[in-house]
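Take a look at the structure below.
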Amino acid sequence: NAGVTQTPKFRVLKTGQSMTLLCAQDMNHEYMYWYRQDPGMGLRLIHYSVGEGTTAKGEVPDGYNVSRLKKQNFLLGLESAAPSQTSVYFCASAGNAETQYFGPGTRLLVL
Amino acid sequence: KQEVTQIPAALSVPEGENLVLNCSFTDSAIYNLQWFRQDPGKGLTSLLLIQSSQREQTSGRLNASLDKSSGRSTLYIAASQPGDSATYLCAVPTSGSGNTGKLIFGQGTTLQVKP
């Protein structure tokens, strides 16, 4: 039982490049979330999903897209990376919209 | 709009000391509150979840209390150990979030327990 895993662990992008962050959970959770964590700003919700095939915007959705084609996976896409998207990205999942289980994070540097 | 504040931002104590971390929130209409721990370079780990109907929850040396009317929660750590060194975050559901589980996090208190 791996819990929540995130791929990749670290990535460097140039401005304008695109990439996809993958979150996978093996706990059969309905709810999944993408956060970013920045110094002085704390954790902020980017997008979330309340079930397979559903997605919704969080607090800071601009510049990101998501997809939940399979229940166990939640993908976060950056179509045209900007330096302001340099951050640590965390994925979380929850079975009952209460206790959230977090992945180890992806560190993204946009030059 | 719900806001969550944690004071102090950092705390350093000698090993063995009992300590209290504070969390305050502006909208008392919450149905639960969670405390998380984050080690450097790691993800968050849920420590305690208190339902709105509860006053406190305990797990080992940790005790979390909730006072909805005053918009406050405290995390009490007994007999602190160097292994307790980490950042502690509290989180509450966003106002009007319904059954989505969306959370608003405080900025966290970074605790250092010195041997």
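Looking at the stretch B:38-59, is at least one residue closer than 19 Å to A:Arg36 by Cα, among the polar types (S, T, N, Q), within 11 Å of another protein chain (Cβ to nearest Cβ) and over 14 Å from the mean Cα position of the chain (by Cα)? There is no residue in the stretch B:38-59 that is closer than 19 Å to A:Arg36 by Cα, among the polar types (S, T, N, Q), within 11 Å of another protein chain (Cβ to nearest Cβ) and over 14 Å from the mean Cα position of the chain (by Cα).
Among the residues of the stretch B:71-96, those that are open to solvent by 10 Å² or more (accessible area, probe 1.4 Å) and at pLDDT below 95 comprise B:Thr94, B:Ser95, B:Gly96. Go through (1) more than 13 Å from chain A (Cβ to nearest Cβ); (2) under 24 Å from A:Gly95 (Cα atoms); (3) surrounded by fewer than 17 Cβ atoms within 10 Å (Cβ to Cβ) for B:Leu66 and report which single condition fails. Only one criterion in (1) more than 13 Å from chain A (Cβ to nearest Cβ); (2) under 24 Å from A:Gly95 (Cα atoms); (3) surrounded by fewer than 17 Cβ atoms within 10 Å (Cβ to Cβ) is unmet by B:Leu66, namely (3). Within this structure, A:Val110 passes the test of being surrounded by 15 or more Cβ atoms within 10 Å (Cβ to Cβ), farther than 22 Å from B:Ala91 by Cα and touching a residue at least 12 places away in the same chain (Cβ under 8 Å). Of the strands (runs of 3 or more DSSP E) entirely within chain A, those holding at least 2 residues that are more than 14 Å from every other protein chain (Cβ to nearest Cβ) occupy A:10-13, A:19-25, A:65-67, A:73-78, A:106-110.
The values are calculated or read from the model by the stated rules, or taken from the named source; none is laboratory data. Worth saying up front: this structure is predicted, and the values here are computed from it rather than measured. Neighbour counts run over all protein chains shown; Cβ positions are idealised from the backbone, glycine included. Accessible surface areas use protein heavy atoms only, side chains included; no ligands, DNA or RNA. Shrake-Rupley method; radii C 1.70, N 1.55, O 1.52, S 1.80 Å.
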